[in-house]
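Asker: Sharing a structure with you now.
The values are calculated or read from the model by the stated rules, or taken from the named source; none is laboratory data. Predicted, not measured: the structure shown is a model, and the values here were computed from it. Cβ sites come from the backbone with ideal geometry, for glycine too, and all protein chains shown count toward neighbours. Remember, those area values only see protein heavy atoms, side chains included, never the ligands or the DNA or RNA. Shrake-Rupley method; radii C 1.70, N 1.55, O 1.52, S 1.80 Å.
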Amino acid sequence: MSTSVSPEINLEENLKQLEEQLKAGTPDLERFRQAHQKLKELSRRLQELLQWAVEQHRDERKFESLYRQVAGWNASDLIESLKRTGFTLKQDKDLKDAFDHQGYRILELVRAGKRGEAFHAILRIFVSAKKEFPTYLVEAFKPVYSDELFKIFLFSFLSGILGQERQTEQ
């Protein structure tokens, strides 16, 4: 008999434990963080499944509407992930140099809302450096996001890789 527990049940159990801790007046911050992480993982998984459903049922707008709603919920996490990705990639001298040389051009492409050209410019940097294109960065280019949100995503990423200093983690 299998004793594995689905992530959903695990999250529900975590929430019950958190509630009990609060009732007892002994909340554990780490348990709250774990529950938050699990919730984020499930939300991203739901978004991926909805994207798949939208692709399979293009004529049904209800799936697309729900997909856009869930993607919007996940947008702030994506902004932070893109900024962290930029900071991390800044440590790679080849990538940092390439972005330093192309940064203003890419910023202008993003500002003008030219997703395809911005994607091509950034992809070219990763290909020439023989580096993997970050998954979070691919997500930012998906058409489900508005032009304004796309700009925020890319500006967050670029601020991480082009910025002068890394902010301290909270």
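Asker: Within region 11-24, does at least one residue satisfy the condition of being more than 18 Å from the chain's Cα centre (by Cα) and in contact (Cβ under 8 Å) with a residue 24 or more places away in the chain?
Answerer: Checked against the condition, which is being more than 18 Å from the chain's Cα centre (by Cα) and in contact (Cβ under 8 Å) with a residue 24 or more places away in the chain, region 11-24 yields at least one hit.
Asker: Shifting gears a bit: Of all the residues that make up region 124-137, how many are open to solvent by less than 60 Å² (accessible area, probe 1.4 Å), out of contact with any Pro (no Cβ under 9 Å at 6 or more places or on another chain) and either assigned to a helix (DSSP H, G or I) or among the β-branched types (Val, Ile, Thr) (or both)?
Answerer: Final tally of qualifying residues: 2.
Asker: Shifting gears a bit: Looking at 119, 141, can you tell me which residue is open to solvent by less than 60 Å² (accessible area, probe 1.4 Å) and either touching a Lys or Arg at 6+ places or on another chain (Cβ under 6 Å) or closer than 22 Å to residue 47 by Cβ (or both)?
Answerer: 141
Asker: Quick check, is residue 63 over 22 Å from residue 152 (Cβ atoms) and either surrounded by 12 or more Cβ atoms within 10 Å (Cβ to Cβ) or acidic (Asp, Glu) (or both)?
Answerer: Considered against the rule, which asks whether it is over 22 Å from residue 152 (Cβ atoms) and either surrounded by 12 or more Cβ atoms within 10 Å (Cβ to Cβ) or acidic (Asp, Glu) (or both), residue 63 comes out as yes.
Asker: Among the candidates 60, 80, which residue alone is out of contact with any helix residue (DSSP H, G or I) (no Cβ under 6 Å at 6 or more places or on another chain) and in contact (Cβ under 8 Å) with a residue 40 or more places away in the chain?
Answerer: 80
Asker: Determine which member of the set 149, 158 is of a type in the set (A, V, I, L, M, F, W, C) and more than 17 Å from residue 85 (Cα to Cα).
Answerer: 149
Asker: A further question follows. Could you check region 40-53 and list, in sequence order, the residues that are open to solvent by 70 Å² or more (accessible area, probe 1.4 Å) and at pLDDT 85 or above?
Answerer: 45, 46, 48, 49, 52
Asker: Here is a further query. Taking the condition of being open to solvent by less than 50 Å² (accessible area, probe 1.4 Å) and within 16 Å of residue 164 (Cβ to Cβ), how many residues in region 91-106 meet it?
Answerer: Here the count works out to 3.
Asker: Any residue at all in region 25-34 that is among the β-branched types (Val, Ile, Thr), surrounded by fewer than 11 Cβ atoms within 10 Å (Cβ to Cβ) and over 16 Å from residue 74 (Cα atoms)?
Answerer: Among the residues of region 25-34, at least one is among the β-branched types (Val, Ile, Thr), surrounded by fewer than 11 Cβ atoms within 10 Å (Cβ to Cβ) and over 16 Å from residue 74 (Cα atoms), which makes the answer yes.
Asker: Can I ask one more? Can you confirm whether residue 113 is exposed (fewer than 15 other Cβ atoms within 10 Å of the Cβ) and not in a helix (DSSP H, G or I)?
Answerer: So residue 113 fits the description; yes.
Asker: I'd like to know if region 4-12 contains one or more residues that are at pLDDT 85 or above and open to solvent by 70 Å² or more (accessible area, probe 1.4 Å).
Answerer: No: region 4-12 contains no residue that is at pLDDT 85 or above and open to solvent by 70 Å² or more (accessible area, probe 1.4 Å).
Asker: If you don't mind, there's one more thing I want to ask. If I go through region 76-90 residue by residue, how many of them are small (Gly, Ala, Ser) and surrounded by fewer than 16 Cβ atoms within 10 Å (Cβ to Cβ)?
Answerer: The total comes to 1.
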